[in-house]
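The values are calculated or read from the model by the stated rules, or taken from the named source; none is laboratory data. None of the values given here were measured: they were computed from a predicted structure. Cβ placement follows ideal geometry from the backbone for every residue including glycine, while neighbour counts extend to all protein chains displayed. Please note that ligands, DNA and RNA were not included when accessible areas were found on the heavy atoms of the full protein model with its side chains. Shrake-Rupley method; radii C 1.70, N 1.55, O 1.52, S 1.80 Å.
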Amino acid sequence: MALHSFHLKADWPGLRNDVGNIEVGNLKTRISIPPEMDGPGIGTNPDEMLLGAAATCYIITLAAMMERSKLEKQSLTMKSEGIVEVEKGVITYKRIIHKPQVVLKADASDKDLALAQKLAEKAESSCMITRAIQGNVEIELQADIRKGN
């Protein structure tokens, strides 16, 4: 079994509505509370970072599965949405919706389209971040699988 450690350094010099910094690997950014939650909105925030972690894990997992299956694509893009609920001062990350668009080569068969759909669904349950948040944050998939021109 291999274990991989990642180390994050954080600096938060002030109070709630101040701005801090984080560094981990190639990620170096300012952090603060988003304006939607009455913060300064400078840099990124935990809500965006969780969405980013879930989305990048998913799209990389899907690309790797497609490569292993020798399923050729014209493009693989995605939009994701994170939904956070604030009720009576309690903030809860409710749901993440991934909307990948897989465009296969123009000569893709119906079998290729079905495989792409299957892999899009399997990638979600295989993604490490999805497994980490499972049971706490609902993950929804709205895959658009099509042939290119």
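Being open to solvent by 70 Å² or more (accessible area, probe 1.4 Å) and in contact with a Ser or Thr (Cβ under 9 Å, 6 or more places away or on another chain) is the filter here, so list the residues in segment 28-38 that pass it.
Filtering segment 28-38 for residues open to solvent by 70 Å² or more (accessible area, probe 1.4 Å) gives 28, 30, 35-36, 38.
Passing the criteria: only Arg30.
Please go through segment 27-44 and pick out each residue that is out of contact with any strand residue (DSSP E or B) (no Cβ under 6 Å at 6 or more places or on another chain) and either within 20 Å of Gly82 (Cβ to Cβ) or at pLDDT below 95 (or both).
The initial filter retains those residues of segment 27-44 that are out of contact with any strand residue (DSSP E or B) (no Cβ under 6 Å at 6 or more places or on another chain), namely 27-28, 32-41.
Passing the criteria: Leu27, Ser32, Ile33, Pro34, Pro35, Glu36, Met37, Asp38, Gly39, Pro40, Gly41.
Filter segment 128-141 down to residues that are loosely packed, with under 14 Cβ neighbours inside 10 Å and touching a Lys or Arg at 6+ places or on another chain (Cβ under 8 Å) and give me whichever is farthest from Thr61 (Cα to Cα).
Glu138
Which count do you get for residues in segment 109-127 that are assigned to a helix (DSSP H, G or I) and surrounded by fewer than 12 Cβ atoms within 10 Å (Cβ to Cβ)? I'd like the intermediate steps shown before the answer.
Taking segment 109-127 first, the residues assigned to a helix (DSSP H, G or I) are 110-126.
Subsequent filtering for residues that are surrounded by fewer than 12 Cβ atoms within 10 Å (Cβ to Cβ) retains 110-111, 114.
Looking only at that region, the number is 3.
Here is a list: Ile83, Ile91. Which entry is surrounded by 11 or more Cβ atoms within 10 Å (Cβ to Cβ), out of contact with any Gly (no Cβ under 8 Å at 6 or more places or on another chain), at pLDDT below 95 and hydrophobic (A, V, I, L, M, F, W, C)?
Ile91
So how many residues does segment 50-76 have that are loosely packed, with under 15 Cβ neighbours inside 10 Å, aliphatic (A, V, I, L, M) and under 30 Å from Ile91 (Cβ atoms)?
Restricting attention to segment 50-76, the residues satisfying the condition of being loosely packed, with under 15 Cβ neighbours inside 10 Å are 56, 60, 64, 67-70, 72, 74-75.
Retained after the next criterion (residues that are aliphatic (A, V, I, L, M)): 60, 64.
Narrowing the set further to residues that are under 30 Å from Ile91 (Cβ atoms) leaves 60.
Final tally of qualifying residues: 1.
Any residue at all in segment 43-53 that is closer than 20 Å to Trp12 by Cβ, assigned to a helix (DSSP H, G or I) and of a type in the set (D, E, K, R)?
Within segment 43-53 (the criterion being closer than 20 Å to Trp12 by Cβ, assigned to a helix (DSSP H, G or I) and of a type in the set (D, E, K, R)), the answer is yes, since at least one residue qualifies.
So in segment 60-108, with the set limited to residues that are part of a loop (DSSP other than H, G, I, E, B) and of a type outside the set (Gly, Ala, Ser), which one is nearest to Val137 (Cα to Cα)? Outline the logic, then answer.
Our first condition is that a residue be part of a loop (DSSP other than H, G, I, E, B); within segment 60-108, this holds for 69-72, 88-89, 105-108.
Right, trim to of a type outside the set (Gly, Ala, Ser) and you get 70-72, 88, 105, 107.
Details: Lys70: 32, Leu71: 30, Glu72: 32, Lys88: 19, Lys105: 34, Asp107: 38 Å.
In this case the residue turns out to be Lys88.
What pairs can you find where one residue is in segment 26-43 and among the β-branched types (Val, Ile, Thr), the other is part of a loop (DSSP other than H, G, I, E, B) and surrounded by 14 or more Cβ atoms within 10 Å (Cβ to Cβ), and their Cβ atoms are less than 6 Å apart, with a gap of 6+ or different chains?
Matching pairs, first to second residue: Thr29/Gly43; Ile31/Gly43; Ile33/Gly39; Ile42/Val19; Ile42/Ser32.
Out of segment 7-26, which residues are surrounded by fewer than 10 Cβ atoms within 10 Å (Cβ to Cβ) and either touching a helix residue (DSSP H, G or I) at 6+ places or on another chain (Cβ under 7 Å) or closer than 23 Å to Val86 by Cβ (or both)?
Gly14, Leu15 - these are the residues of segment 7-26 that are surrounded by fewer than 10 Cβ atoms within 10 Å (Cβ to Cβ) and either touching a helix residue (DSSP H, G or I) at 6+ places or on another chain (Cβ under 7 Å) or closer than 23 Å to Val86 by Cβ (or both).
Can you pull out the residues in segment 32-53 that are among the hydrophobic types (A, V, I, L, M, F, W, C), out of contact with any Gly (no Cβ under 8 Å at 6 or more places or on another chain) and under 16 Å from Ile129 (Cα atoms)? So that I can check it myself, show each step before the final result.
Initial filter on segment 32-53 (among the hydrophobic types (A, V, I, L, M, F, W, C)): 33, 37, 42, 49-51, 53.
Checking which are out of contact with any Gly (no Cβ under 8 Å at 6 or more places or on another chain) leaves us with 37, 42, 49, 53.
Selection gives Met49, Ala53.
When you scan segment 37-44, do you find a residue that is within 15 Å of the chain's Cα centre (by Cα) and over 30 Å from Ile145 (Cβ atoms), even just one?
Here is the first cut: in segment 37-44, the residues within 15 Å of the chain's Cα centre (by Cα) are 44.
Next, from what is left, pick out any that are over 30 Å from Ile145 (Cβ atoms): 44.
Yes, segment 37-44 has at least one match.
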